[in-house]
Amino acid sequence: MLVKTCCAAVMGLEATTVTIEVNIIRGNNLRFSGLADMSVRESIDRIRAAFSNLGFRYPMADITINMAPADIRKEGSGYDLPLAVAILAADNKVDYGRLGDYMMVGELGLDGHILPIRGALPIAIKARAEKFKGLIVPRQNVREAAVVNNIEIYGMESLLDVIHFFNGSQSFDPVAIDTRQLFYDQQSQFESDFSDVRGQESVKRALEVAAAGGHNLIMIGPPGSGKSMLAKRLPSILPPLSLHESLETTQIHSVAGKLPRDTSLISQRPFRSPHHTISQVALVGGGQNPQPGEISLAHNGVLFIDEMPELSRSVLEVLRQPLEDRAISISRAKYNVQYPCSFMLIASMNPCPCGYYGDPLHHCVCTPGQILRYMNKISGPLLDRIDIHCEIQAVPFAELSKMQPGEPSATIRERVIKARKIQEERFKDYKGIHCNAMMTEKILHEFANPDEASLDMLRMAMERLKLSARAYSRILKVARTIADLADSEKVESMHIAEAIGYRNLDRSDWAERGI
């Protein structure tokens, strides 16, 4: 008897419908076709054990299993559930009349329980697009899949529940979640706040400018000056995620298996802080079964790289192309996958190996050569792609104890949101551009064209600091953001002056200080 069930294969952020065909005739053999890898073939062992522990007899017959389309490689354990149901239906243990109306995914435990899988959200989106009546997923993935409307989502505990569902011996209700209300309720809940930060007003201003325009930023200062503390509070002043951004971010985390349990939508901008021992593949993505890396997990959020020179140079250099293109294409012999990675890069570093070069309270023990080699770990082209450079000094305890609490994040966030709304209105006719950091050269000269006085100031800065053409564009973009924060329609000389001040750590300046 021939029976068909439907599931899905996830490649990148896209899901492809997979039809599982099971044919049972007299005999004693098992055949697999359709590019199933070893983890899929091992599902038969899990299915046998699950049948035995649930009181079902595995059919002693000639079983042929085909997974179409046959030119797509099938990997992972999410095919266990549709395979098991198809075998039972072909053996007349499950009513196959409604199988074509439902897509199902899930891994089987040996006791028949359905275990969670990756990529439930893109699978649910595909099931709706293919006009399936419903989708059956593990109970742990049900809130994630229930984000998708206009399709029935069922969360099942065990294979026995699925059997009862198709046989009609037990009724189950689809899961309905008001995810949008939950999404809006959680948008303003932050553990850290800028009111905890005392002093460092210039750095907080730089972070506000970075948040308002979506700019990359690097902080350089001695240990204990507050670099990590400030960076971790940046998400609290970023504009809230839109529903579209939230869905896109949730998809990436779903595919990577990083979505927290019982989470429907990611409601806050992600903050990723990888360790400095991270590899290239872990940073940008890849692997035998292509997975998103840290830059994609930080999509629509912040990628914080602490102690930037401690990362290997080869790892740092792979950031150059994603910072420009805001997408990463992973190409291998057997596949080509593209993941979005539009993130804000926030980096920190010490000024020298010991950390105290230029610190008035500590003596630096590094030689000029050591300082120069340390700074040269970050290449000029990578540094050019970082819009804002700011120095930070530790606040002495005597002053720290006297200072009042800083400005709260909510107040700063209001100014950032106001500036972002100006940018959204400005770029409404430009597809894919939402903030000043995304401006192309053509758009840049249309909306951030400096006047004569500002142009003279820029020319002098370019010659004195030996800035590159890319640094020139970055200054104009940052100046446009500063003007937006000041609610100024034109970019004036004072905006250009502040933007130039954020380039004081450019390559030539660093080298001169290190010698």
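The values are calculated or read from the model by the stated rules, or taken from the named source; none is laboratory data. Given the structure is predicted, the values throughout are model-derived calculations rather than measurements. Neighbour counts run over all protein chains shown; Cβ positions are idealised from the backbone, glycine included. Calculation scope for accessible area: heavy atoms of the full protein, side chains included, ligands and nucleic acids excluded. Shrake-Rupley method; radii C 1.70, N 1.55, O 1.52, S 1.80 Å.
Candidates in segment 139-159 are the residues that are surrounded by 24 or more Cβ atoms within 10 Å (Cβ to Cβ) and within 20 Å of Leu247 (Cα to Cα); of these, the one that is modelled with the highest pLDDT is Ile153. Against the list (1) in contact with an Asp or Glu (Cβ under 8 Å, 6 or more places away or on another chain); (2) in a loop (DSSP other than H, G, I, E, B); (3) farther than 27 Å from Gly226 by Cβ, the condition Ala282 fails is (2). Put simply, of Ile44, Ile114 the only residue that is within 25 Å of Lys133 (Cβ to Cβ) and not aromatic (Phe, Trp, Tyr) is Ile114. Total residues in segment 420-444 satisfying the condition of being in a loop (DSSP other than H, G, I, E, B) and farther than 15 Å from Glu245 by Cβ: the figure is 7. Among the candidates Gly286, Gly293, the residue that is surrounded by fewer than 22 Cβ atoms within 10 Å (Cβ to Cβ), touching a Gly at 6+ places or on another chain (Cβ under 9 Å) and either on the phi > 0 side of the Ramachandran plot or not acidic (Asp, Glu) (or both) is uniquely Gly286. Of the residues making up segment 105-119, those that are within 10 Å of Gly78 (Cα to Cα) and open to solvent by less than 10 Å² (accessible area, probe 1.4 Å) are Val105, Gly106, Leu108, Ile114, Gly119. Residues that are farther than 30 Å from Gln338 by Cβ and surrounded by fewer than 19 Cβ atoms within 10 Å (Cβ to Cβ) occur in segment 82-93; there is at least one. Answer yes if at least one residue in segment 53-71 is among the acidic types (Asp, Glu) and under 36 Å from the mean Cα position of the chain (by Cα), and no otherwise. Scanning segment 53-71 turns up at least one residue that is among the acidic types (Asp, Glu) and under 36 Å from the mean Cα position of the chain (by Cα). Of the strands (runs of 3 or more DSSP E) lying entirely inside segment 1-68, those carrying at least 1 residues that are under 24 Å from His164 (Cβ atoms) and in contact (Cβ under 8 Å) with a residue 60 or more places away in the chain are 2-11, 14-25. Look at Ile163 and say whether it is at negative phi and in contact with a His (Cβ under 7 Å, 6 or more places away or on another chain). When the stated conditions are applied, Ile163 does not pass them.
A single member of Pro235, Pro240 is at pLDDT 90 or above, out of contact with any Asp or Glu (no Cβ under 8 Å at 6 or more places or on another chain), surrounded by fewer than 18 Cβ atoms within 10 Å (Cβ to Cβ) and under 27 Å from Glu424 (Cβ atoms), and it is Pro240. One residue stands out among those in segment 103-160 that are assigned to a helix (DSSP H, G or I) and over 27 Å from the mean Cα position of the chain (by Cα): the one that is nearest to Ala8 (Cα to Cα), which is Leu159. Highlighted here are the helices (runs of 4 or more DSSP H) found entirely within segment 185-257 that include at least 3 residues which are more than 24 Å from Tyr374 (Cβ to Cβ) and in contact with a Pro (Cβ under 8 Å, 6 or more places away or on another chain): 243-256. Among residues that are out of contact with any helix residue (DSSP H, G or I) (no Cβ under 9 Å at 6 or more places or on another chain), open to solvent by 10 Å² or more (accessible area, probe 1.4 Å), at pLDDT below 85 and assigned to a helix (DSSP H, G or I), Glu512 is included. If you go through segment 402-420 and keep only what is open to solvent by less than 70 Å² (accessible area, probe 1.4 Å), out of contact with any Phe, Trp or Tyr (no Cβ under 7 Å at 6 or more places or on another chain) and either modelled with pLDDT under 85 or of a type in the set (Asp, Glu) (or both), you end up with just Met403. Restricting attention to segment 463-505, which residues are of a type in the set (Lys, Arg) and under 21 Å from Lys418 (Cα atoms)? If the condition is that a residue be of a type in the set (Lys, Arg) and under 21 Å from Lys418 (Cα atoms), then Lys477, Arg480, Lys490 are the ones that fit. Listed here are the helices (runs of 4 or more DSSP H) enclosed by segment 445-504 that have at least 2 residues being open to solvent by less than 20 Å² (accessible area, probe 1.4 Å), on the phi > 0 side of the Ramachandran plot and free of Cβ contacts under 8 Å to residues at least 60 places away in the same chain, and there are none. Residue count for segment 202-230, restricted to those that are within 16 Å of Ala419 (Cβ to Cβ) and either of a type in the set (A, V, I, L, M, F, W, C) or open to solvent by 10 Å² or more (accessible area, probe 1.4 Å) (or both): 10. The residue of segment 173-197 that is modelled with the highest pLDDT, among those that are in contact with a Gly (Cβ under 9 Å, 6 or more places away or on another chain) and within 30 Å of Ala49 (Cα to Cα), is Pro174. Picking from residues in segment 340-384 that are out of contact with any Gly (no Cβ under 7 Å at 6 or more places or on another chain) and of a type in the set (Phe, Trp, Tyr), the one that is surrounded by the most Cβ atoms within 10 Å (Cβ to Cβ) is Tyr357.
The single condition from (1) touching a helix residue (DSSP H, G or I) at 6+ places or on another chain (Cβ under 9 Å); (2) assigned to a helix (DSSP H, G or I) that Gly100 fails is (1).
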